[in-house]
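Structure, as C-alpha cells:
The values are calculated or read from the model by the stated rules, or taken from the named source; none is laboratory data. Remember, it's a predicted structure, so these values are computed and weren't measured experimentally. Every residue, glycine among them, receives a Cβ derived from its backbone with ideal geometry; neighbour counts consider all protein chains shown.
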Amino acid sequence: MSSPDEAGGSWTLLTGHGHVLVEIARNPQARMRDISAVVGLTERTVQAIVADLEAAGYLTRGRVGRRNLYTVNPDSWFRHSAQEGLRIGPFLDLLAEAGDAAATGSGLVADAGRSPPTEVPPPEPTGPDAGIPPT
C-alpha cells in the first residue's frame, strides 16, 4: 500500500477487501503470502478476507496441483447502495490493468501487456466543402 500522506491522513480509497480482490484479479494463482506482501496486510487477515469474498460469491477457489487458483466473478454486484446496479468486473479490469502497467514501470494502462495504441487519423470532411483542399 502507499505510504500515508501528511495532508491526507492514513486512509486509503479501497478497503482491505478491495485490495485483495484487485490483487486476485491481477494474479489468480497468487499465494496468500504474495497477496499479503502486495496489499500490506497480514497473511491471516488476507485469509479471512478471501473467505469473506468466497462466501459472498465474489470469487471461487479451485486447485491446480498443490496451489489454489482463484476465479473472480465479474458479474458480482457492488454491495454499497451508492453503486447499486453496477458490476465489479469493469472496475476490477481497470485497476488490474493499471496495476500491471505500474509493474512494467510505464504507468500507462495501454502498456499493461498490450501493444501500444494506434494513432487514429482524423475523420474525412463531409458536406459541400468535402472535396476542396484547405487554403
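When only residues in the range 58-77 that are assigned to a loop (DSSP other than H, G, I, E, B) and among the small types (Gly, Ala, Ser) count, which is farthest from Gly89 (Cα to Cα)? Break it down into steps so the answer makes sense when it comes.
Initial filter on the range 58-77 (assigned to a loop (DSSP other than H, G, I, E, B)): 58, 65-66, 73-76.
Right, trim to among the small types (Gly, Ala, Ser) and you get 65, 76.
Values: Gly65: 27, Ser76: 7 Å.
Per the criteria, the residue is Gly65.
Report the residue count in the range 28-46 for those that are of a type outside the set (A, V, I, L, M, F, W, C), loosely packed, with under 15 Cβ neighbours inside 10 Å and assigned to a helix (DSSP H, G or I). Please lay out each step first, then the result.
First, pick out the residues of the range 28-46 that are of a type outside the set (A, V, I, L, M, F, W, C): 28-29, 31, 33-34, 36, 40, 42-45.
Then drop every residue that is not loosely packed, with under 15 Cβ neighbours inside 10 Å, which leaves 29, 31, 33-34, 40, 42-44.
Pick out the ones that are also assigned to a helix (DSSP H, G or I) and you get 33-34, 43-44.
Selection size over the range 28-46: 4.
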Could you list, in sequence order, all residues of the range 61-72 that are touching a helix residue (DSSP H, G or I) at 6+ places or on another chain (Cβ under 7 Å) and loosely packed, with under 15 Cβ neighbours inside 10 Å?
Arg61
When both residues are 6+ apart or on different chains and their Cβ atoms are under 8 Å apart, which pairs have a first residue that lies in the range 1-18 and is at pLDDT 70 or above, and a second that is loosely packed, with under 10 Cβ neighbours inside 10 Å?
Thr12/Ser2
